[in-house]
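The values are calculated or read from the model by the stated rules, or taken from the named source; none is laboratory data. Every value quoted in this text rests on a predicted model; they were computed, and no experiment measured them. Virtual Cβ from ideal backbone geometry, glycine too; neighbours counted across all protein chains shown.
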Amino acid sequence: MNEKKFAADIKVLLCFITVNLFSLAIWHNVYRKKDFIRHFIVKCEKLEFRFRSNLTSINTIIDSCLVLIALIITVSASFCIFHINLAPLQLKMYFSFFTFAKGQDTFSMLIKGTVIIIQFVCLLIPPAIAALLSGIVYFKTSDLLGKFRENLKNVKMDVLYHNEISKLFTNYNFLYLLVHEVEEEFSITIFMLLCSQWLNMNTVLLAYILYEGDLLSYSLGSLMIAQLIFAVILNVGVILCASRISYQVFRVQTALQVMYNRVGTVKSSPLHIVKNMLDIKFPVMTACGVLKLNPSLIATSFGSVLTYGLLVINVNRS
């Protein structure tokens, strides 16, 4: 039983270490994008001026997300610190830099508490910040596409003026380049983020299956719950924000097609510009070109975790 318990501890701790490395890689990747995010904000302001309309304010949502992140980490880390003495020896060693694992004096508890806080911060905050920034960029981009569609509604269908259509084409091309830049910059980031959160969910599942009964300590449980909450929220949030771009592109293309069909009998230069806009194909938001970010990916990711869990259960029983 002790050998089985030790093997389970090692497997789970190796998964936790791997997830931490993923988090550090994500943080480094996001930090390198600070210049792009700064330029992206400037471009959004320029397009707002061109569209003569303000983008949807999401400051309240951003503040709420930051508060939720801080609250989950604070509560789960505090619960983990409070119950650390009941955890398995290997987990105590992990949360004390493999020193003072058995100690219950003030200094040992201070070391464990500090390491636990660092562990929770390094494990959960980088993916959360990466997901939040990516979600903001995706949402702003889709909002710009929505404002462009509103501008299309203001175009008079009976007469197409060359100057007006030319301005629309300029803005449309600007949006096309912006969407391409967003896809190129955040494709790898989202791939790393989804992989880390997929590994998070599998780590939680693995720990829950391998630890039986009393072996599943409250400290490990609090870390697992925090990981699971973050994994679900980040996966769903990022994918939905990214899929919103494709939805807005579809609506813009539909509006352009309706415009072209209504005045399609008239051969004119403005109509040719509309046809050129219809021929422009926007890129689909992907994770490193491997996964398309659409709502069906949510069901696929959770389904794969469930399949993996059933596989581990069968192997564990045999």
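Would you mind stating whether residue 115 is within 24 Å of the chain's Cα centre (by Cα), under 29 Å from residue 25 (Cα atoms) and modelled with pLDDT of 70 or more?
Working: within 24 Å of the chain's Cα centre (by Cα): no; under 29 Å from residue 25 (Cα atoms): yes; modelled with pLDDT of 70 or more: yes.
No, not satisfied.
Please go through region 281-301 and give me each residue that is among the small types (Gly, Ala, Ser) and on the phi > 0 side of the Ramachandran plot, ordered by number.
Let us first name the residues in region 281-301 that are among the small types (Gly, Ala, Ser), namely 287, 289, 296, 299, 301.
Within region 281-301, just 289 meets the criteria.
Evaluate the following for residue 191: is it surrounded by 19 or more Cβ atoms within 10 Å (Cβ to Cβ), in a helix (DSSP H, G or I), in contact with a Ser or Thr (Cβ under 9 Å, 6 or more places away or on another chain) and at pLDDT 85 or above?
Working: surrounded by 19 or more Cβ atoms within 10 Å (Cβ to Cβ): no; in a helix (DSSP H, G or I): yes; in contact with a Ser or Thr (Cβ under 9 Å, 6 or more places away or on another chain): yes; at pLDDT 85 or above: yes.
So residue 191 does not fit the description; no.
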